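Asker: The structure is given below, and queries will be raised subsequently.
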Amino acid sequence: MRKTVAVQILLFILLSSLPSPAFPEQEALFYKKRDNDEVQCELCPHRCMLSDGQRGFCRVRLNRNGVLYSLVFGQPCSVNVGPIEKAPFYHFLPGSKRLCVATAGCNMRCTYCQNWEISQTSPEDIRSYDLPPEKLVEKAKSFGVPTICFTYSEPIIFYEYMYATSKLALSEGLKTTMVSNGFINQEPMKKLLPYMSAVKIDLKSFSESFYQDVCAGRLENVLETLRLLKKEGKHFEIVVLVIPTLNDSSMEILKMCQWIHENLGDDVPLHFTRFVPAYKLTSLPMTPVQTLEKAHSLAKGCGLNYVYIGNVPGHMFNSTYCPSCKKRIVHRSGYEIKELHIKKGKCAFCGYDIPGVWE
Amino acid sequence: MSYRAVFCLSAKGGSASGGLFIFPFLLYNKIMNKKLNWSLLIIGFSGMVAQIILLRELLIVYLGNELSLGIILGNWLICEAAGAFLAGQLMKKITRKHEAFIYLQLLFSAVFPFSVISIRLFKSVLHMNPGEILGPGTVFLSSLALIILPSFIHGFLFTLSCKMKEKKDEPASSIGNVYVLETLGNITAALLLTYLLIPRFHSVDIAFITSLIISFSCLFLVFPESIANQRPALFAVRLFFFLLFLSILLLRGSETLHRFSIEKQWEGQKILSYENSVYGNIVSAQMEEQVIVYSNAHPAFISPFPDIESCEEIIHIPLLFHPDPQDAMIISGGLGGFLRELLHYPKMNIDYTELDPAIIKTAFQIDKRKRLDPLHSELNSERIHYHLVDGRLFLNETSSLYDAVFIRVSLPAELQTNRLFTKEFFLKAKSRMKKNGLLVLTLPGSLNYLTDPMKSLNGTIRSTLRSVFSSVVVIPGETNIFVSSDNALDINLSRLQNRLEERNISHQILTPFHLSLKLDPIYQEWFNSEMKKVPEKINRDLHPVSVFQSQSYLNSFFYPGRKNIFSWFKNISFVKILSLFFLPLALLPFAILPQRIYSRGVISAAVFSTGLASMFFNMAIMLLFQIFYGYIYSWISLFIAFFMAGISLGGAVSTRKITDMKNPQRAISFIQYCMLLMLLALPAAAYAFNASVLPSFAHLLFRYILLAFSLVFGFLQGYEFPLASKIYTLTRREMEKTAGFLYACDLMGGFIGGILSTIFLIPLFGLFQSCSAIFALKSAVVILLLFAQKNR
């Protein structure tokens, strides 16, 4: 299995040794210089070893004369406004809007990617905007949104851009969030977290082979990131896209929930979302709602307090219930907040502390 | 002929109509009195059955579109051509030809069912994701491994058959005879597959039935008179195979293998039903409480809990632009949620058209087993009227008028589906609409980023709609919703929100808030700015540019490595294409070579180009028929039948005359002239018909004219092959090498013609210019032939 990923990465790096078109380049923050103008990227666990002129597995990091550059700094290809619930963030400023930002590239190769148009491509193959951090923060302010959300493709691969923007946004009174696969090394994540208001991690499965075969990633590194988020006390939510026949076994879900309970505590919001056929997995059906409900009950059985079912409009577990008084404290319908009974981070009915960012 | 399977598949199934075959059969009564000829006919029959069945199975596994079909067919034809060619080279070394003939057939009979099972199991065996579309490299290698044996053996058998039929005085006539017999076998296969085998049996059964027929032929038809003299081992092997296949069928071993293999193929799901129709494969499966119906391995609908967001958005948002919708029509894709949404309107009457009856049949089977909404309410509503017919044909013939017409075909990716996205169709739909009527269709979209293929496709359909309707609104999303009307459509959010509330329909997601998100001016502005520089092309019946754009879109994520090919085609001018088709003229300088060498090259070019032109011609005829009359399966079958009957007739006449023919070169040139004439006649007839310059009775006649065209072109192709063999053997006496090589040329021409016509040529340049390109190709061959004659 590990070999498959290694071969994929190697092939990609070999094939990417072609001359790159000119891009505004920003030196990468995490890499090591090696002999003969080689560099090793230290941003994500792939740790790509790159000769002069080669790009990383993510397609957006280039070694030029022994210096590693990010090719997408200030060059987002997607910028738009949407509801925060769409991320989904259910414990973060409910009902608010976010400015979504993404660049080309990704450090995984998920065969069901919903944003394949940008994640599975190189920056030179798509149109991008010239939006350095200052302009992006200005744009967010002009839209009147409280949050900039780095999302769609994989924010880790445009780390330098995200880092600089987050730092600036925080100083301008904005919040920042990232929607990520969590496949990042510890050091860069630690450096970023002080400037990040909340993080959403896609836990793609609880099987190492799934990560390697379907996503070209590794589970253990993602779990390390989750542990780090817990340790640093940052608000984070976990999303599990339940894909029929691939990661939907009760045993796997049970193990995952037990791990979350033991390592991250009971209060981390966990979303089981329904798979919709996409990209290369168009012939698998949507997830049966019963499978999601089973997953929900397994998670609740493990003692997790905030478990959601997503992508099933109108489902009762799309809403938030107080673990103490069991009353519905956030009533959601699609992306709409119909009722909100949380005041200053507490249940409006019984005063129980509800984890999250509410103001 | 293998590429005829391409033709049958492109027409979505097998072929043929009964009485047609009596004539060629009678004509060949003399030939049929020999048992060997029956055996050759069975080889043609089994080859065609294997091709169609294996290709259908592979398309299910590869979740295929036209692009993967191209790779699979390419592999099949290359292997078959290699078999035929290699047989020619090895023939002298095969001392016991009769035994080889039997053993190869028996090997084919064993390999065919094995291949069907292997296709179904290989993903599971190799631990591949069941629902994942594989990359081109994997499709190429795996399909090659899965079909190499049957295709190679079948190609080998063609050349070996020619050798078995060889007459010392006239080697070319034996090739002609085998060619004709094989074609008759093909027709029989297409006929039986269409009307008997596919509707009644699954692929494993069909494979074993075919194997039984082959083993029967080996036991009783091939040289039975020499049974007494032959080695006991050979007889025992023949008997063993016959009894093996017979017992597998009688003891329902094939059923067990079928159940086992489909359960592996759809691992993790409980198979409820498995139907094969001429249009494809329909499977219903269960996961938890959810029932999924797959059409050619793609989920067609699920129940309960469909994709509620899509159902509500695609049905209700467009209807907000209408003050009081009461009559609607949905073309395909309505079951499992969309129809139920329409039923929320108390006065709504719905006409629903679905081409494949197997989908509706399966839906009723599911409903009988368990009541699952929304399916149950859709199948049992008196306000929904089901029409098992082509949507375009229905719209042509109905006198009803509609407030809304929904096209639920997701992509104009084939010539057939593209007919629902053309200017001509939109005009027809408009004529069936009431005042304030709406036409609603969807295309792939994205709120994050629109790729170039997405932009081209969306841009073309938008400008095509604008050329017909005075108002077109696009609601961007993961699926872009196009709403068109002659009434002014205005995105007035508060008015639409009021209407939504007034209608008081219970929605899961579509609230005034959700509507405000969907119709946010930011998205509208973004979409319009993204589409600003997209060229405004019009998708026409006879110039179906959106087929190319859809294929380019599919290619962008299935096979991104091939994007350069699409870019190249997209940007190439017609003049360049035309010059490409004159490429055979590159052989002209070789006219200075010895005549026999030059002549061989020219004859190969003639056979290759005829294979290509013939495939193009047939595709063009089918396109024309479908445009003017709709997709009527029996007629499509009739075209294939006429074409094949033409081939066998032409081959028969040619084979008869060939022995006494003094100047075959002149005859083959004459055939080329006739083909050129046909290539002029077809667009002329299409133009006259399309422009309505003919009296109305001519419209009724047009379909018969098209049938005649099919027959004549088939005749010309059939006539050419024995002639070409004759000329080739004049310069190279080895009949078997001639047969193998020319057969390979014919196959490759057909294959390239199929891919080129349906994906690139007709979509990019339209019917008329495409005809000119093929005309150029054939003209080049005529020039080469003229030089060949001059040098004699």
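Taken together, the values in this text are just the output of simple stated rules run on the coordinates, not laboratory data. Since the structure is predicted, the reported quantities are computational estimates derived from the model, not experimental observations. Cβ placement follows ideal geometry from the backbone for every residue including glycine, while neighbour counts extend to all protein chains displayed.
Asker: Dipole of region A:319-359, Cα-centred, from +1 at each Lys and Arg C-beta and -1 at each Asp and Glu C-beta, to the nearest 20 debye?
Answerer: Dipole about the Cα centre, nearest 20: 160 debye.
Asker: From the C-alpha gyration tensor of region B:90-222, pull out the three semi-axes of the equivalent ellipsoid (sqrt of 5λ each), sorted largest to smallest, in whole Å.
Answerer: After diagonalising the Cα gyration tensor, the semi-axes are 31, 19, 14 Å.
Asker: Roughly how many debye, to the nearest 20, is the charge dipole of the protein assembly as shown about its Cα centre, given +1 on each Lys and Arg Cβ, -1 on each Asp and Glu Cβ, and no other charges?
Answerer: That gives a dipole near 2600 debye.
Asker: Can you compute 3J(HN,Hα) from phi for each residue in region B:131-147, using the Karplus curve 6.51 cos²θ - 1.76 cosθ + 1.60 with θ = phi - 60°, rounded to whole Hz and x for Gly and Pro?
Answerer: 3J(HN,Hα) across region B:131-147, in whole Hz: x, 8, 7, 7, x, x, x, 5, 4, 4, 5, 5, 5, 4, 5, 7, 10.
Asker: Another question, if that's okay. Once the dipole of region A:78-313 is set up with Lys and Arg at +1 and Asp and Glu at -1 on Cβ about the Cα centre, which of A:P269, A:F92, A:L219 lies farthest towards its positive end?
Answerer: A:F92
Asker: Skipping prolines and chain starts, which residues have an amide H placed within reach, meaning under 5 Å, of the one on A:K346, given they are 5 or more residues away or on another chain?
Answerer: HN-HN under 5 Å from A:K346: A:I354.
Asker: Something else: Restricting attention to region A:311-355, which trypsin sites (Lys or Arg not before Pro) occupy a DSSP loop and are surrounded by at most 12 other Cβ atoms within 10 Å?
Answerer: A:K326, A:K344
Asker: Placing +1 at every Lys and Arg Cβ and -1 at every Asp and Glu Cβ, with all other atoms neutral, what dipole size does region B:306-542 have around its Cα centre, in debye to the nearest 20?
Answerer: Computed charge dipole of region B:306-542: roughly 400 debye.
Asker: Efficiency by 1/(1 + (r/R0)^6): what FRET value for A:R328 and A:K190, r their Cβ-Cβ distance, R0 = 30 Å, to the nearest 0.05?
Answerer: With R0 = 30 Å, the Cβ-Cβ based efficiency is 0.20.
Asker: Taking a 21 Å limit on the Cα-Cα distance, which of the listed pairs B:K270/B:K368; A:K139/A:K167; B:K347/B:K518; B:K93/B:K163 fall beyond it?
Answerer: Listed pairs above 21 Å: B:K347/B:K518.
Asker: Please work out whether region A:319-359 counts as rounded, prolate or oblate from its C-alpha gyration tensor, where a ≥ b ≥ c are the square roots of the eigenvalues and a/c under 1.5 means rounded, while otherwise a/b larger than b/c means prolate and anything else oblate?
Answerer: Taking the square roots of the gyration eigenvalues as a ≥ b ≥ c, region A:319-359 is oblate.
Asker: I need the Debye-formula profile for region A:257-359: one equal scatterer per C-alpha, no solvent, reported as log10 I(q)/I(0) at q = 0.14, 0.22, 0.23 1/Å, two decimals.
Answerer: The calculated log intensity ratios at q = 0.14, 0.22, 0.23 Å⁻¹ are -0.60, -1.21, -1.27.
Asker: Output wanted: per-residue J couplings in Hz (rounded whole) for region B:314-328, from phi through Karplus 6.51 cos²θ - 1.76 cosθ + 1.60, θ = phi - 60°, x for Gly and Pro.
Answerer: So the J values, rounded to whole Hz, are 6, 8, 7, 4, x, 5, 5, 7, 10, x, 7, x, 10, 10, 10.
Asker: Tell me, what HN-Hα J-couplings in whole Hz come from the Karplus equation 6.51 cos²θ - 1.76 cosθ + 1.60 at θ = phi - 60° for each residue of region B:84-89, using x for Gly and Pro?
Answerer: The phi angles translate into 5, 5, 5, 4, x, 6 Hz.
Asker: When the convex hull of the C-alpha atoms of region B:640-688 is computed, what volume per residue in Å³ does it have?
Answerer: 73
Asker: Shifting gears a bit: Could you state the number of Å between the C-alpha centres of region B:73-97 and region A:140-180?
Answerer: After rounding, the separation between the Cα centres reads 64 Å.
Asker: Along the charge dipole of the protein assembly as shown, which of B:L587, B:A681, A:P83 sits closest to the positive end, that is, farthest toward it, with unit charges on the beta carbon of Lys, Arg, Asp and Glu (+1, +1, -1, -1)?
Answerer: Toward the positive end, the furthest listed residue is B:L587.
Asker: Right, next: Take B:A688, project a point 7 Å from its Cα along the Cβ direction, then tell me which residues of region B:542-557 have their backbone nitrogen under 20 Å from it.
Answerer: Only B:542 pass the distance filter.
Asker: For peptide B:448-456, compute the average count of partner chain beta-carbon atoms within 10 Å of each residue's beta-carbon.
Answerer: Counting Cβ atoms of other protein chains within 10 Å of each residue's Cβ and averaging gives 5.
Asker: Then there is this: I'd like the GluC sites (Glu not before Pro) in region B:372-428 restricted to DSSP loop residues with at most 16 other Cβ atoms within 10 Å, sorted by number.
Answerer: Qualifying residues, ordered by number: B:E382.
Asker: In whole angstrom, note down how far apart the Cα centers of region B:515-546 and region A:219-251 are.
Answerer: A separation of 38 Å, based on Cα centres.
Asker: Using modelled backbone amide H atoms (1.01 Å from N, in-plane), which distant-in-sequence or interchain residues come within less than 5 Å of A:C100's amide H?
Answerer: A:N80, A:V81, A:G82, A:C149
Asker: Here is a follow-up. Once you order the gyration tensor axes a ≥ b ≥ c over the Cα atoms, which shape class does the protein assembly as shown get: rounded for a/c under 1.5, otherwise prolate or oblate by comparing a/b with b/c?
Answerer: In terms of gyration-tensor shape, prolate.
Asker: Over the Cα atoms of region B:306-542, what radius of gyration and what Dmax do you get, in Å?
Answerer: Cα-based Rg and Dmax for region B:306-542 come out at 17.2, 53 Å.
Asker: In 5 Å bins starting at 0, how do the alpha-carbon pair distances of region B:457-564 split up by percent?
Answerer: Here the calculated profile for region B:457-564 is 2, 10, 15, 19, 19, 13, 10, 8, 3, 1, 0.
Asker: For helix A:289-301, report the angle its Cα long axis makes with the longest principal axis of the Cα atoms of chain A; keep it between 0 and 90° and round to the nearest 10°.
Answerer: Approximately 80 degrees, to the nearest 10.
Asker: Next question. For region A:78-313, just the Cα set please: Rg and Dmax, both in angstrom.
Answerer: Calculated on Cα positions, Rg and Dmax stand at 17.1, 49 Å.
Asker: Report the label-to-label distance for A:E262 and B:D486 in nanometres (one decimal), using points 7 Å from each Cα along the Cα→Cβ vector.
Answerer: 7.1
Asker: Tell me, B:I755, B:I350 in order of fewest to most beta-carbon neighbours within 10 Å?
Answerer: So the residues, fewest neighbours to most, are B:I755, B:I350.
Asker: Could I ask something else about it? I'd like to know which of A:C325, B:S669, B:L69 lies farthest towards the positive end of the charge dipole of the protein assembly as shown, counting +1 on Cβ of Lys and Arg and -1 on Cβ of Asp and Glu.
Answerer: B:S669
Asker: Return the Rg/Rh ratio of chain B with Cα-based radii and a Kirkwood Rh.
Answerer: 0.99
Asker: B:D327's amide H: which non-local residues (gap 5+, or another chain) put their own amide H closer than 5 Å, with H modeled 1.01 Å from N in plane and none for Pro or chain starts?
Answerer: Excluding prolines and chain starts, which carry no amide H, the hits are B:N349, B:D403, B:A404.
Asker: Find how many whole Å separate the alpha carbon centroid of region B:237-273 from the alpha carbon centroid of region A:309-343.
Answerer: 51
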